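S.K.: Got a structure here, written out as structure tokens. Questions coming.
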Amino acid sequence: INRIIDGYNRPRRVVEFPKKNGTPLYTSEFFGENVFSLKTMAKCLPKPVYQQFVKQLRGRQVMDKNTTDSVAHAVRIWAMDRGVTHFTHWFQPQTGSTAEKHDSFLNINTTFGSNGGEIYHLDTFSGSQLLQSEPDASSFPSGGMRSTFEARGYTVWDTTSPMFIQPGPHGTSILYIPSIFISYNGEALDEKTVLLRSSEALSKAAVDLLKLIDSDPSDERPRVTHVYTTLGVEQEFFLIDRGLYSLRPDLKITGRTLVGRLPPKHQQMEDHYFGRMPTKVLSAISEAELELIKLGVPIKTRHNEVAPSQFEMAPIFEEATIAVDHNLLTMDVLHKVAHNHKLKVLYHEKPFKGVNGSGKHCNWSLSTNHGENLLDPTSTPETNYRFLLFLVAILNAVHTHSGLLRAGIASASNDHRLGANEAPPGIVSVFLGEHLTEILNAIEESRKIKTSEPHIESIKVGGTILDMKISTLSEILRDLTDRNRTSPFAFTGNKFEFRAVGSKQSPSFPITLLNSAVASSIHEVMEALLNQKGDKPSLTDDDKLFVIRKFITKTKNIRFEGDNYSENWVKEAEIRGLPNIRKSPEAFGKLLDPVNADMLIKNGIFSKSELHSRYHILLEKYVKDILIEARTLESIVKTQILPIAYEFRKSLAEGIKSLESACGKDHTEPERNIIEITTPIVVDLQKYTDSITTMLKEIGKIDDPYKQAEHTETNLLPLMEDVRSRVDSLEELISDKLWPFPKYNELLFY
Ligand code: ADP
Ligand code: MG
């Protein structure tokens, strides 16, 4: 009670909304004010330098020395005028979060003249300092790729993502330089390098396909030279009181509660979704938004999620590589801001057992350099072929590489969500919605579309009646497709929504794998088109339809419109031969499956050694995460739960003694009952906790990382559940006054 009263009495944090002459600014007026954007560069740089920069950026060339020196100088002045004291290359090692090392601009200048030497200090920032730095790479995961004598790693400025400043201590600020992180030999040590590679591969494949299919000489549209992957990331999270959080060692160390019972209010939870946000939460989230808007993150949506104390934030979509940077920034800013509001944000996929978990829905599409969305079902038939060809290429990618996509979302924490009865299951399938499904079925069966929709008319194409003139399809789809919330990969009007991605992970890896699979599949579709074309000068509509039909038939099994959470789907998927990968170690194995590994290597996304190192890092991280949980559980049971249980039993026993002497033996039955109930629970708890201790030693002795992961998954995790269920039984019996941790109802409803 004291804990809670204390919390209620804390003063609220208030931040000033940006104003000009006392009038609040429009959001767009301070959007990106902390970003060294192209617009700012145009203002700060001499015109020829700016033009050179843009030319090299667009051409994806390496920056020359003169340009980088000028940019470095300009950004330093711009930043120092805003109170910046330090700069940092900001990169994304394979730890799921970001890394930074700060350096000040202070430098030494030495001149020697005839009168002796002069040494003085001044602020400088050179092009080479901007371009590259060399953090000690040996402390970041490399999966054995780097031998110790080559422990060097380089962070290199990623010019496609703009520099920005963030608040530092004491009113100062820090300049962030978005970077990639590579080894001495140029191997990717980070999440970003491979994402950039996959975006390039996908762009190239998509441009080639467009060139092949849009070869009509009468077509006057400007040529597509680049195709961007677009990404909009919906981030789910819990926000809880920081005081209560700090009393839960399990949450603090592992990000999830290792013990704890479902609160009685759980049943009424549904009223939370889209409900009014608690004032304190709204206050924290809106401060985070304010920071993010200044950082040029187009944050747009906020709302309550299904579970109590669960929320979501989402931006407007952007080019995928930038969207990933911005998602990581969003997580980071919210984390810091929540702290100032005495709140704690939880990004773990399943912080509370039995309560809805958190995901990161990755809305994904393809856009040409003219801003056309290639997954928008447009109004003219010829563009529909284009749409349909991209659609079947994506279906084919998921069909061929479903195991790979499953690997991209696997982790010890997401395992609690995937395949549990709420999140998408371990079976990867695609949802298209009724209308698209019917269109694909009709094409496959060469028949008319069965529909009562008056807006869909039939047209004659190459002797086959097909209903392809879908003038209002985009609106219909937008209205009707989205509602199957159970699908891991759903078409939602003009984009796909990859819903199985974990809330805690960087979207980079799953999107890299998706991009790569689609790029490779586009090549396959092109091959089929070229086969159809033969010696003809260009493809006919019939050729395109033939290929579309071929891939519809081939990929049919991956499409599923029903309830993905149902037992029936698990059975049906098995009949269809779709893999149902429930646990991470098996999923990681799919990275090395030849069908996936060959594709990734052939497309230049990963080298063989990069892929193997990735596999090892993921396995190691998986084991490490669970071992930390097991040790934490072992320790809290031994030092907090069991001692409380003994104390509780002792007080009951003492009560029995005094009751007996005061009222006689007949009156002690209730207390005796409780002691009787707790005895076997405490005995089991001691036994299972000791087994954890023994098993931890066993696992430590296994050398093979895969075997270690497997043993952890099949033996240690169930044992932890055995311990947990005993602790949770005790939680129900032991007095609140004695219980050492805030309970679910405090954590979730306060
Ligand atoms: P819902 O909760 O209904 O799934 P939201 O509006 O919360 O939808 O989120 C949808 C996300 O999809 C937003 O981030 C939005 O910007 C993004 N999005 C919309 N169109 C595209 C597109 N073409 N490519 C990628 N993302 C998109
Ligand atoms: Mg949403």
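S.K.: Being open to solvent by 10 Å² or more (accessible area, probe 1.4 Å), closer than 23 Å to Y176 by Cα and not in a strand (DSSP E or B) is the filter; apply it to the stretch 302-322 and report the residue that is farthest from ligand 2 (Cβ to nearest atom).
M.R.: I322
S.K.: Follow-up. If you check N363 against the conditions, is it assigned to a helix (DSSP H, G or I) and within 16 Å of ligand 2 (Cβ to nearest atom)?
M.R.: Considered against the rule, which asks whether it is assigned to a helix (DSSP H, G or I) and within 16 Å of ligand 2 (Cβ to nearest atom), N363 comes out as no.
S.K.: Can you find even one residue in the stretch 338-357 that is touching an Asp or Glu at 6+ places or on another chain (Cβ under 7 Å) and either within 12 Å of ligand 1 (Cβ to nearest atom) or under 30 Å from L210 (Cα atoms) (or both)?
M.R.: no
S.K.: If I filter the stretch 343-356 for residues that are open to solvent by 30 Å² or more (accessible area, probe 1.4 Å) and within 16 Å of ligand 2 (Cβ to nearest atom), do I get at least one hit?
M.R.: Pass one, the stretch 343-356, residues open to solvent by 30 Å² or more (accessible area, probe 1.4 Å): 344, 347, 353-354, 356.
This time we only want the ones that are within 16 Å of ligand 2 (Cβ to nearest atom), so: 356.
Yes, the stretch 343-356 has at least one match.
S.K.: Go through (1) open to solvent by 80 Å² or more (accessible area, probe 1.4 Å); (2) outside any loop (DSSP other than H, G, I, E, B); (3) in contact with a strand residue (DSSP E or B) (Cβ under 7 Å, 6 or more places away or on another chain); (4) not acidic (D, E) for R82 and report which single condition fails.
M.R.: (2)
S.K.: While we're looking at this one, here's another question. Please pick out the residue among A662, A630, A645 that is aliphatic (A, V, I, L, M) and closer than 30 Å to K707 by Cβ.
M.R.: A630
S.K.: Restricting attention to the stretch 606-648, report how many residues are among the basic types (K, R) and open to solvent by less than 60 Å² (accessible area, probe 1.4 Å). Lay out the reasoning, then the answer.
M.R.: Here is the first cut: in the stretch 606-648, the residues among the basic types (K, R) are 608, 614, 621, 624, 631, 638.
Still in the list and also open to solvent by less than 60 Å² (accessible area, probe 1.4 Å): 614.
The qualifying residues number 1.
S.K.: State which residue pairs qualify: first residue more than 15 Å from S635 (Cβ to Cβ) and modelled with pLDDT under 85 and inside the stretch 248-274, second residue part of a helix (DSSP H, G or I) and open to solvent by 30 Å² or more (accessible area, probe 1.4 Å) in any location, beta carbons under 8 Å apart, and separation of 6 or more residues or different chains.
M.R.: From residues that are more than 15 Å from S635 (Cβ to Cβ) and modelled with pLDDT under 85, the pairs are P263/N745; P263/F749; P264/N745; K265/N745; K265/F749.
S.K.: Here's another thing I want to ask about it. Within the stretch 434-516, which strands (runs of 3 or more DSSP E) (wholly inside it) include 2 or more residues that are within 34 Å of the chain's Cα centre (by Cα) and at pLDDT 80 or above?
M.R.: Passing ranges, in order: 489-491, 496-498.
S.K.: A further question follows. Given (1) within 20 Å of G296 (Cα to Cα); (2) hydroxyl-bearing (S, T, Y); (3) touching a strand residue (DSSP E or B) at 6+ places or on another chain (Cβ under 9 Å), identify the lone condition not met by T27.
M.R.: Failed condition: (3).
S.K.: Kindly provide the set of residues from the stretch 580-606 that are assigned to a loop (DSSP other than H, G, I, E, B) and modelled with pLDDT of 90 or more, ordered by number.
M.R.: I581, K583, K590, L591, L592, D593, N603, G604, I605, F606
S.K.: Filter the stretch 296-337 down to the residues that are of a type in the set (K, R) and within 12 Å of ligand 1 (Cβ to nearest atom), then identify the one that is farthest from S198 (Cα to Cα).
M.R.: Selected residue: R302.
S.K.: Go through the stretch 549-579 and give me each residue that's open to solvent by 10 Å² or more (accessible area, probe 1.4 Å) and in a loop (DSSP other than H, G, I, E, B).
M.R.: Selection gives F560, E561, G562, D563, Y565, S566, G577, L578, P579.
S.K.: Could you list all residues from the stretch 323-338 that are under 15 Å from K504 (Cβ atoms) and either within 16 Å of ligand 2 (Cβ to nearest atom) or aliphatic (A, V, I, L, M) (or both)?
M.R.: Of the residues in the stretch 323-338, the ones under 15 Å from K504 (Cβ atoms) are 324, 327-328, 330-332, 334-335.
Correct list: V324, N327, L328, T330, M331, L334.
S.K.: Now for a different question. Would you mind finding the one in A597, A587, A500 that is of a type in the set (G, A, S), in contact with a Leu (Cβ under 8 Å, 6 or more places away or on another chain) and either closer than 16 Å to I213 by Cα or buried (at least 20 other Cβ atoms within 10 Å of the Cβ) (or both)?
M.R.: A500
The values are calculated or read from the model by the stated rules, or taken from the named source; none is laboratory data. All figures in this text were calculated on a predicted structure; none of them were measured in a lab. When we count neighbours, we look across all protein chains shown, and the Cβ atoms used for this are built from the backbone with ideal geometry, even at glycine. Side chains are part of the model used for accessible areas, which takes the heavy atoms of the whole protein and leaves out ligands, DNA and RNA. Shrake-Rupley method; radii C 1.70, N 1.55, O 1.52, S 1.80 Å.
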